[in-house]
Amino acid sequence: MMDFSATRALFDLPDGICYLDGNSLGPQPRAAASAAARALGEWQGQLIGGWNGAGWMDLPVALGAAIAPLIGAAPDTVVVGETLSIRVHQALMAALDLRPERTEIVTDSGNFPSDIYIAAEIARRRGLTLRVVAPDAVETALGPQTAVLMLTEVDYRTARRHDMARLSARAHEVGALALWDLAHSAGAVPLDLAGAGADFAVGCTYKYLNGGPGSPAFLHAAPGLIEAVTPALPGWLGHAAPFGFDMDYAPAPGVARMRIGTPPVLQMAALQGALTVWKGLSMTEVFATAQGLAQRLIDGVAARAPALRLASPEDPARRGSHLAFAHPEAQAIMRAFIARGLVGDFRAPDIVRLALTPLYIGPADIDRALDIIAEVMTSRAWEDPAFAASAGPVT
Ligand SMILES: *Cc1c(COP(=O)(O)O)cnc(C)c1O
């Protein structure tokens, strides 16, 4: 098992908080704070010289190489920068360009709104059809008309996890490409993008990777595919020779062509620090430890707060590292939890979401969370008008 006390000491968590929301915004690694402070110092001292002198210009590629082993990808197939929504757009456009004769994008109703909005708008502009099917109907929706299968591996609400290898293989059988969103996977579940046959993958770094609010996203493209991609957003920093200032675009070799513009150096520095906490950890072990915590939470809720119904798959192999519990008063319940120091979040219409992040959450935290959950549910503390829907947004 992991040495939880060693990894927990790498985080600066506020006192008195039981933080089960690391799937939405990871807490602050101490190394993120020191790396961000160092970058501020480089800016102060080196001024514009920092772009080369401090390595700022290479951060998108250096960070891609640091994330690659966490997602089972080769180091030179990942680039970092932009927001996840932009990465979804870039990857989907690239995949569609590689299947110009096909007419459909297939996704599922468990996907995140941003991904679906972007796919719908691209489909509308190109005269394509976006098919949004139920998660268990994805396989049968694929056919000779499918250009791209675009899925989020772990459902942001229920944590239901798709079988990436099987669905990618099915997409390939019909001649389509597979694009995976790893927003709730990276840093949570063991991934083998190369082995699973993902053509493109994207994900964010502020959730399980603890890069900080607004930390930039990543994009992976399978080797062999990227050389055929003409980026739909051909920015100067994705050019083969950015400082040639040529009027004509020529893509940089490899995945670096998916860079667009000036990288957010301070955010990237924080992320670079945050990624050091994963050194020497096995994702298989992180995931197994998370599932042990999840079972402890599931059993405790079933015994002490049965009105909260598990809305995640019971089989740990079929879910990511958070749990969803359904209750009609989920929003007020989450407010009552937060007022007692248990931080999770609410997802409409009826989901209480709690994340298991073993780098900084251990069995004692789960037991404390269970005490709060049992107390709130038994006392019906959530009926207090202070926790009503009119009180404004929850986390
Ligand atoms: C969190 C999340 C996003 C958020 O995208 P941003 O551009 O970073 O705001 C997009 N897609 C999925 C699947 C997510 O879980």
### Task
Report ³J(HN,Hα) in whole Hz for each residue of the range 101-113, in order, from the Karplus equation J = 6.51 cos²θ - 1.76 cosθ + 1.60 where θ = phi - 60°; Gly and Pro get x.
8, 9, 10, 10, 10, 10, 9, 10, 6, x, 6, 7, x
### Task
Classify the range 236-395 as rounded, prolate or oblate, taking a ≥ b ≥ c as the square roots of the eigenvalues of its Cα gyration tensor: rounded when a/c is under 1.5, otherwise prolate if a/b is larger than b/c and oblate if not.
prolate
### Rounded to 5, percent antiparallel among DSSP beta bridges of the range 173-259
60 percent
### Summary
Taking alpha-carbon centroids only, the range 320-342 lies from the range 1-36 a number of Å equal to 21 Å
### Message
Give me the one-decimal nm value for the distance between modelled label points at Ala348 and Glu173, 7 Å along each residue's Cα-to-Cβ direction.
### Response
3.8 nm
### Query
Restricting the count to DSSP beta bridges whose residues both fall in the chain, what percent are antiparallel, rounded to a multiple of 5?
55 percent
### Task
Tally the DSSP beta bridges in the range 233-381 and give the antiparallel ones as a percent, rounded to 5.
100 percent
### Message
How charged is the neighbourhood of Met57? Take every other residue with its Cβ under 15 Å from the Cβ of Met57, and add Lys/Arg as +1 and Asp/Glu as -1.
### Response
-1
### Additional length obtainable on full extension of the chain from Tyr117 to Leu225, 0.36 nm per residue less Cα span
36.3 nm
### Query
Which residues make up the longest stretch of the chain that has no GluC sites (Glu not before Pro) in a DSSP loop with at most 13 other Cβ atoms within 10 Å?
102-313
### Query
All other residues with a Cβ under 14 Å from the Cβ of Asp3 taken together, and with Lys, Arg as +1 and Asp, Glu as -1, what is their net charge?
+1
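Read-outs throughout are calculated quantities, based only on the coordinates presented, and are distinct from any laboratory measurement. Worth saying up front: this structure is predicted, and the values here are computed from it rather than measured. Neighbour counts are summed over all protein chains in view; Cβ atoms, including those assigned to glycine, are modelled from backbone coordinates with ideal geometry.
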